[in-house]
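Below: the structure, in structure tokens.
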Amino acid sequence: MAVANRALSAPLSVWGDHSDVMAVRDSGWIQVFCVSGQEVFDHIIWSFRVAEDKDVLFPVMVNLDGFHLTHVVEPIEMPDQKDINRFLPPNKYPNALDPRRPLMHGSFAMPAYYTEAKKAQEVAFEGSKKTILKAWDEFEKIFGRKYKPVESYKTDCAETLMLTMGSFSQTAEITIDELRAAGEKVGLISLRLWRPFPFEELREAVKGAKRLIVLDRCISSGGPGGPVASEVRAALYDVPDRPQIVGFIAGLGGRDMRPEHFRDMYDRGIKLATQVRPEASDLMLGVRE
């Protein structure tokens with residue numbers, strides 16, 4: 001399923017943020033976030049390869065930012081159908097309805113069995129990551145474009161990292177370029193794989209950094225801040241020498257984030273990281289008082 005991410009009511013909005021996908025983050029779907037139109041096109045093809053694998057058989061959600069990607073014109077490299085056929089084998093769904101092979105779907109489970117069923121689902125869901133990585137490797141071999149669960153941009157020797165998801169990653173790269181040119185030791189990591197969560201890859205990506213500034217485009221109402229920042233904190237909680245984490249919430253309801261906003265996040269994040277507990281709550285950027 002391709003999901004054009006949009007803000008949830010109220011108030012009514014048709015513009016984009018990540019409120020909708022975060023509301024269903026634990027629904028049992030494999031989820032990826034795309035940065036550009038090319039990535040969306042590629043991952044639609046890739047999603048069939050993953051979801052139809054006999055060792056997976058979970059639905060895949062391809063997230064693209066509403067308006068920032070859905071309504072923007074950009075060039076797309078269209079693959080040859082022969083290459084697509086090489087990448088996507090014929091779908092041999094093992095659980096199709098067939099009167100010669102009776103199956104049960106949507107079965108009822110008493111409390112004595114429900115937990116065991118959910119445990120089995122969770123084990124299978126975590127196991128899907130092997131196929132996810134394999135499909136990305138196969139995609140690169142055929143189409144030449146490489147994708148990873150966590151993407152890094154100019155992170156060499158970076159003391160401060162910014163973390164984004166979705167199309168705003170491209171805007172953040174502009175700020176990283178400017179800061180690097182000014183001698184700042186800063187880099188960018190972008191989360192592509194949201195479910196199953198890439199614990200190992202994230203921990204490797206932040207290794208050596210002193211600060212991690214996380215952008216959320218959603219509010220977890222009544223929670224500990226933005227959902228991405230809270231999950232990143234949990235993922236890095238028991239990591240020795242983990243970076244100090246500062247969270248920002250911005251870009252809600254389609255509000256633009258320009259390079260200068262990421263520069264503001266960087267400057268304020270550096271100051272906040274010197275406080276004892278900057279992760280106690282996340283700051284909302286650009287709020288009009």
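Every number in this text was worked out from the coordinates using simple rules, so none of it is lab data. Predicted, not measured: the structure shown is a model, and the values here were computed from it. Note that each Cβ is placed from the backbone with ideal geometry, even for glycine, and that neighbours are counted across all protein chains shown.
Taking θ as phi - 60°, what are the ³J(HN,Hα) couplings along the stretch 228-239 by the Karplus curve (6.51, -1.76, 1.60), each to the nearest whole Hz, with x for Gly and Pro?
5, 4, 5, 6, 5, 4, 5, 5, 9, 4, 9, 8
About its Cα centre, how strong a charge dipole does the chain have in debye, to the nearest 20, once Lys and Arg get +1 and Asp and Glu get -1 at the Cβ? Don't skip to the end; give the middle numbers.
On the way: 37 positive and 41 negative charges, 105 e Å.
It comes to approximately 500 debye.
Using only the alpha carbons of the chain, what is the convex hull's orientation-averaged projected area in square nanometres?
On the way: hull surface 75.1 nm².
Quarter of the Cα hull surface area: 18.8 nm².
Output the pairs from 92/134; 118/148; 148/185; 146/210; 92/119; 119/146 with a Cα-Cα distance over 30 Å in this structure; if there are none, say none.
119/146
Residue 195's amide H: which non-local residues (gap 5+, or another chain) put their own amide H closer than 5 Å, with H modeled 1.01 Å from N in plane and none for Pro or chain starts?
Amide H neighbours of residue 195: 31.
With unit charges on the beta carbon (Lys/Arg positive, Asp/Glu negative), name the residue among 94, 78, 35 whose Cα is farthest towards the positive pole of the charge dipole of the chain.
Projecting each Cα onto the dipole axis, the largest value belongs to 94.
Taking the Cβ of residue 173 as the centre, find all other residues whose Cβ is under 15 Å away and add up their charges (Lys, Arg: +1; Asp, Glu: -1). Provide the component values of the computation, followed by the final result.
Values: positive: 154, 180, 192, 258, 263; negative: 39, 151, 156, 177, 178, 184, 260.
Every neighbour counted, the sum reads -2.
Please give the charge dipole size of the stretch 94-194, origin at the Cα centre, charges +1 on K and R Cβ atoms and -1 on D and E Cβ atoms. Round to the nearest 20 debye.
Computed charge dipole of the stretch 94-194: roughly 520 debye.
Test of understanding: extend the Cα→C-beta vector of residue 237 to 7 Å, then name every residue of the stretch 152-189 with backbone N under 15 Å from that spot.
What the label zone holds, given the 15 Å backbone N cut-off, is no residue at all.
Between the helical axis of 37-51 and the dominant principal axis of the chain, each derived from Cα atoms, what acute angle in degrees is found, rounded to the nearest 10?
40 degrees
With labels modelled as points extended 7 Å from the Cα through the Cβ direction, what inter-label distance (nm, one decimal) is found for residue 52 paired with residue 96?
Roughly 1.1 nm, to one decimal.
Which value in deg cm²/dmol, rounded to the nearest 500, describes the helix-derived mean residue ellipticity at 222 nm for the chain, given -39,500 (n - 2.57) per DSSP H run of n ≥ 4 and division by the residue count? Please list the in-between numbers first.
On the way: 8 runs with 105 residues, N = 289.
Mean residue ellipticity at 222 nm (helix-derived): -11500 deg cm²/dmol.
Roughly how tilted is helix 168-181, in degrees to the nearest 10 and between 0 and 90, from the longest Cα axis of the chain?
Tilt of helix 168-181: around 40 degrees.
Of 10, 58, 21, whose Cα points farthest to the positive end of the dipole of the stretch 1-74 (charges on the beta-carbon: +1 Lys, Arg; -1 Asp, Glu; origin at the Cα centre)?
10
Using a Cα-Cα cut-off of under 19 Å, which aspartates and glutamates could be cross-linked to residue 207, ignoring same-chain neighbours fewer than 8 residues away?
Candidates past the 8-residue exclusion: 151, 156, 159, 184, 231, 238, 241, 279.
Add +1 for every Lys or Arg and -1 for every Asp or Glu among the other residues with Cβ under 9 Å from the Cβ of residue 139, and state the total.
Neighbour charge sum, excluding residue 139 itself: 0.
Sort 267, 20 so that the residue with the fewest other Cβ atoms within 10 Å of its own Cβ comes first and the one with the most comes last. List each step's numbers first, then the result.
Working: 267 11, 20 17.
Starting with the residue having the fewest Cβ neighbours, the order is 267, 20.
Students often forget the sequence filter, so: which lysines lie under 16 Å Cα-Cα from residue 82 once same-chain residues fewer than 8 apart are removed?
Result set, ordered by chain and number: 141.
Separation of the stretch 77-127 and the stretch 180-217 by C-alpha centroid, Å?
Computed from Cα coordinates, the inter-centre distance equals 32 Å.
Hey, rough spin-label estimate for residue 146 and residue 199, points 7 angstrom out along Cα→Cβ, what's it come to in nanometres?
2.6 nm
Taking just the alpha carbons, could you work out the radius of gyration and Dmax for the stretch 2-143, both in angstroms?
Rg and Dmax of the stretch 2-143, Cα atoms, are 18.0, 54 Å.
Could you pull the Rg and Dmax for the stretch 177-289, using just the Cα atoms, both in Å?
13.9, 40
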